[in-house]
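Remarks on the structure that follows.
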Amino acid sequence: MDVSEIILPGDTPGIEWRVPVMRFNGNDPAAPKVYIQAALHANELPGTALAHFLCGKLRQAESEGRIAGDITLVPQANSVGAAQSHFGELQGRFDLGSRTNFNRDFPLISIRDRAELLDGLDSYPAIDRLKRELIHMALGADLVLDLHCDDESLQYAYIDEAFWPEASDLAAALNMEAVLLSDGESSAFEEAVSFAWKYEVPGERKATLSGKLSVTVELRGRRDVYPGMAETDAEGLLQFLIGRGIVNGAPAVNSVFSGPAVPLDNVEIVRAPQGGTVLFHRDIGERVSEGELLATIVTRPGFVEGDIDIHAPQDGLFLTRTSDRLVRRRGDLMKIAADQPSKAARKAGTLED
Ligand SMILES: [Zn+2]
């Protein structure tokens with residue numbers, strides 16, 4: 001294992017950030033290369049915990065000469081965000097300086113222009129420099145896994161239709177409970193990577209990308225950071241790497257992904273019509289039916305006439321919900337992976353800001 005660091009000079013004097021990068025060199029040039037990063041949203045640590053255990057497994061495999069394809073692992077990709085605290089609370093999703101989501105504004109380029117990502121790095125603010133360094137590394141691989149998590153959530157992933165159903169092996173290996181098929185219309189990391197491949201020939205869009213993968217994995221919720229879970233997830237990811245011929249070894253029992261794989265248009269994002277205290281009647285992981293009572297918002301404590309009931313807009317799987325129990329008007333309450341397209345209009349691109 002080679003360990004190096006991306007060194008980011010700060011935007012003000014006296015500051016510098018460091019991002020560790022682990023590399024395992026494969027012994028088979030024909031094997032696919034993989035890039036795995038975690039905690040780009042700096043407050044999403046399930047992936048960092050997974051990477052911690054995966055690293056141990058990969059070092060073991062390396063000592064046995066079983067690393068076939070090059071593996072790059074960035075267990076904590078965003079030291080800038082990890083250092084952001086506002087009134088004692090970690091702010092890991094948005095850059096406080098620019099208000100930009102750390103997982104947006106990745107450069108949309110053709111893979112042909114990959115080398116140019118590193119041109120004139122000194123002229124970029126630290127966070128843009130970091131984004132260029134990360135995506136440059138990712139575009140040197142065939143398979144790219146960006147490990148995130150949701151708020152309170154099941155295990156699921158955003159996977160571009162261009163990689164589906166080939167990527168169902170990853171969904172099975174990580175025991176995902178749902179897959180959301182995205183349409184690749186944003187500057188999120190995962191979509192910027194697939195953009196570069198789709199437009200290898202600028203102006204000519206490839207619809208399928210066989211042998212490639214770029215995915216945002218949502219490793220359950222933000223508080224789901226436990227040794228047993230992380231170890232199981234790491235073993236699952238190792239099995240995926242074995243299945244794809246990146247690590248040599250005997251695959252464990254072949255599991256099959258049996259969860260729903262739904263287009264983003266089928267995701268019902270249920271919002272709070274008014275602010276108040278939310279009382280959930282149902283939990284993530286449950287199948288819900290159209291019209292079923294999911295939550296009550298207490299807008300005037302002590303007066304039941306102020307209660308607002310929230311009902312399921314259609315049948316589906318209760319995928320995520322907010323961990324805040326005080327919700328604001330129009331705030332997101334939950335996501336349901338529904339059986340039919342949502343009636344709510346959706347712009348192409350990511351579900352959330
Ligand atoms: Zn995230």
Separation of alpha-carbon centers, segment 223-257 and segment 77-106, rounded to whole Å: 30
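If you rank TYR199, TYR124 by fewest surrounding Cβ atoms within 10 Å, what's the result? Walk me through the intermediate numbers first.
Values: TYR199 18, TYR124 15.
Ascending number of Cβ neighbours within 10 Å: TYR124, TYR199.
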Sequence-distant residues sharing a close amide H with ILE6 (under 5 Å, placed H): VAL19, VAL21
Sites matching trypsin sites (Lys or Arg not before Pro) across segment 172-270 that sit in DSSP coil, with at most 16 neighbouring C-beta atoms within 10 Å: ARG205, LYS206, ARG223
Extension reserve of the ALA345-ASN175 stretch, reckoned as 0.36 nm per residue once the Cα distance is removed: 58.1 nm
Top of GLY285, GLY88, GLY228 by mean-square fluctuation, Gaussian network on the chain, Cα under 10 Å: GLY88
Cβ-placed point charges (K, R +1; D, E -1), dipole of segment 117-234 about Cα centre in debye, nearest 20: 220
Max mean-square fluctuation residue, GNM over the chain, Cα-Cα springs under 10 Å, options LEU40, LEU293, LEU333: LEU293
Cα lying deepest toward the dipole's positive end in segment 265-338, options GLY276, ASN266, PRO313, charges on Cβ: GLY276
Inter-label distance for ARG59 and THR100, nm, one decimal - labels placed 7 Å from Cα along Cα-to-Cβ: 3.5
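When the chain is fully extended, how far beyond the present Cα-Cα distance does ARG23 get from ILE269, taking 0.36 nm per residue of separation?
Working: separation 246, 0.36 × 246 = 88.56 nm, distance 3.87 nm.
Here the segment from ARG23 to ILE269 would lengthen by 84.7 nm.
Neighbour counts of other C-beta atoms within 10 Å: give me THR100, THR208, THR48, THR320 arranged from fewest to most.
Details: THR100 15, THR208 12, THR48 21, THR320 25.
Listing THR100, THR208, THR48, THR320 from fewest to most nearby Cβ atoms yields THR208, THR100, THR48, THR320.
Relative contact order for the chain: what percent, with Cα pairs under 8 Å and sequence separation of 6 or more? Working shown, then result.
Numbers: 793 pairs, mean separation 61.6, N = 353.
Contact order relative to length: 17 percent.
Can you give the Rg to Rh ratio for the chain, taking only C-alpha atoms and Rh from Kirkwood? Numbers along the way, then the final one.
Numbers: Rg = 20.8 Å, Rh = 21.2 Å.
Expressed as Rg/Rh, it is 0.98.
Sort LYS347, LYS131 so the one with the fewest other Cβ atoms within 10 Å of its own Cβ comes first. Mind showing how you got there, number by number?
On the way: LYS347 7, LYS131 26.
Neighbour counts put them in this order, fewest first: LYS347, LYS131.
To the nearest 0.05, what FRET efficiency results for ARG223 and ILE111 with a Förster distance of 35 Å applied to their C-beta separation? Could you put the intermediate results ahead of the total?
On the way: r = 37 Å, r/R0 = 1.06.
Efficiency computed from Cβ-Cβ geometry: 0.40.
So if I place +1 on the C-beta of Lys and Arg and -1 on the C-beta of Asp and Glu, and nothing else carries charge, what would the dipole magnitude of the chain be about its Cα centre? I want it in debye, nearest 20. Could you put the intermediate results ahead of the total?
Values: 35 positive and 54 negative charges, 59 e Å.
That gives the chain a dipole magnitude of about 280 debye.
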Fluctuation leader among ARG300, ARG114, ARG271 - the chain, Gaussian network, Cα springs under 10 angstrom: ARG300
Amide H contacts of GLY275 (H built 1.01 Å from N, under 5 Å, at least 5 apart or other chain): ARG329
Share of alpha-carbon pairs per 5 Å distance bin for segment 89-147, given as whole %: 4, 15, 28, 23, 17, 10, 3, 1, 0
Distance between segment 142-188 and segment 8-41 - C-alpha centres, whole angstrom: 21
Derived scalar couplings ³J(HN,Hα) [segment 288-299; Karplus, 6.51 cos²θ - 1.76 cosθ + 1.60; whole Hz; x for Gly, Pro]: 10, 10, 3, x, 5, 6, 9, 7, 10, 9, 8, 8
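Over the chain, what is the percentage of antiparallel beta bridges among all DSSP beta bridges, to the nearest 5? Please list the in-between numbers first.
Working: 46 of 70 bridges.
The antiparallel proportion sits near 65 percent.
No value in this document is a laboratory result; all are computed from the given coordinates. Computed from a predicted model, the values in this text were never measured in an experiment. Here Cβ is always computed from backbone atoms with ideal geometry, including for glycine, and neighbour counts include all displayed protein chains.
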